[in-house]
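> Got a structure for you, questions after.
The values are calculated or read from the model by the stated rules, or taken from the named source; none is laboratory data. Just so you know, these numbers come straight off a predicted model, no measurement behind them. As a convention, Cβ positions derive from the backbone with ideal geometry for all residues, glycine included, and neighbour counts pool all protein chains shown.
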Amino acid sequence: MVQYTQPHLDSVFAALADSTRRGVLEQLGRSEASITDLANRFHMTLTGMKKHVGVLERTGLVTTEKVGRVRNCRIGTRRLEEAGAWIERYQQLWDARFSALDDVVEELQRKEKIDGRNKK
Amino acid sequence: MDATRNSESATERNPVTVERTSERELVVTRTFDAPARLVFEAWTKPELFRKWWVPKSMGMTLRSLEMDARTGGSYRLDFGDGMDFFGTYLEVTPHSRIVWTNEEGGDNGSVTTVTFEEKGGKTLLVMSEVYPSKEALDAAGTGAADAMHETFGQLDDLLAQLHA
C-alpha cells in the first residue's frame, strides 16, 4: 500500500478543509483549466485563486504548467503514480486469483489421479 | 491477507510478478505446480473459470458468465449494476495460448495474451495486457481521476463529520 507520511496527510486535509479548494479539485477532475477560468468560475480575484491553487499544488493534489501567458491547472496524479499504488493493487488481485486457481488445478489433478486408477 | 483462508492452501504460494514492460504493456508471470493442459482447462471451461476469477477478497460476485473459449468465440462477465466485461477470443490454441479483446474499454480497451509453457510438470504462465496507448494503460490502472474523486468523496464525508 501507499505509505503516506503524516505531514503529507495533514497538508492534504488542510488543503481539503476549504470548500473552494474542493470545488476547484472537482472542476479539475472534469477538465483542466487556467487560473483565470477558475477565478471566473468561483467569482474570485486572480490573486485569491492563485493562493488556493498554490495550496493544492504544494500537496501534489494539483499540478500547474505555464503555457505562454496562461497557467494551466490539472489534477495531480504524480503522488499516486510514483507510489506505484495501482500496480500493487493489480498484483494483489492476481495473487488472490491465482491462489484460487491453484485450488482449482489441484482439484483437477486429484480427480485425474482417481479416474486414472479407476481405469486400470 | 485473507484470514479465512485455511492454512493448508496458504503454504508456499508461488509468487506473482507484475511488470510494466513498456508504456503500453503490463506483464504478469506466475508458475503453477501442474501440467499446462490442466491450467489451460481452468481458463477455458466456464464452470472452472468462475471458481477462481472472482476471489472473495475482490468483494464482488459474478452474476452470470458466458464464455465460448474458441478462436472467434466471445465471452461476457456480468457483475450486475451495469458492470460488464466482454470481448472476443482472437486465438485459442489448446494448452499453449489464449488471446482475447477487452471491449468494455471501447477504443481504450486492451488485448490480453496468456501463454502456458510446461516444464517438468510445472507450468509457467505469462499474461500480457497491451493497451492502445500509454494514456489508456494509465487510465485503466488508476482510474486516477475517479479514484481521486472517490477519495475526495470519503474525505468530504469525514470532514463533514469533523465539522459537525
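> Pick from the range B:79-94 the residues that are within 18 Å of B:R63 (Cβ to Cβ) and surrounded by 15 or more Cβ atoms within 10 Å (Cβ to Cβ): which of them is modelled with the lowest pLDDT?
It comes out as B:F79.
> Filter the range A:25-52 down to residues that are within 14 Å of another protein chain (Cβ to nearest Cβ) and assigned to a helix (DSSP H, G or I) and give me whichever is nearest to A:A14 (Cα to Cα).
Ranking the qualifying residues of the range A:25-52, first place goes to A:L25.
> Can you name every residue in the range B:13-48 that is modelled with pLDDT under 95, more than 8 Å from chain A (Cβ to nearest Cβ) and touching a helix residue (DSSP H, G or I) at 6+ places or on another chain (Cβ under 7 Å)?
B:E23, B:R24
> Also, I was wondering about something else. Could you list, ordered by first residue, the pairs with Cβ atoms under 8 Å in which the first is in the range B:89-108 and at positive phi and the second is crowded, with 17+ Cβ neighbours inside 10 Å and part of a strand (DSSP E or B), at least 6 apart or interchain?
Correct list of pairs: B:H95/B:F116; B:H95/B:E118.
> Ok, one more. Hey, among B:L155, B:L125, B:L137, which residue is in a helix (DSSP H, G or I), within 14 Å of chain A (Cβ to nearest Cβ) and at pLDDT 85 or above?
B:L137
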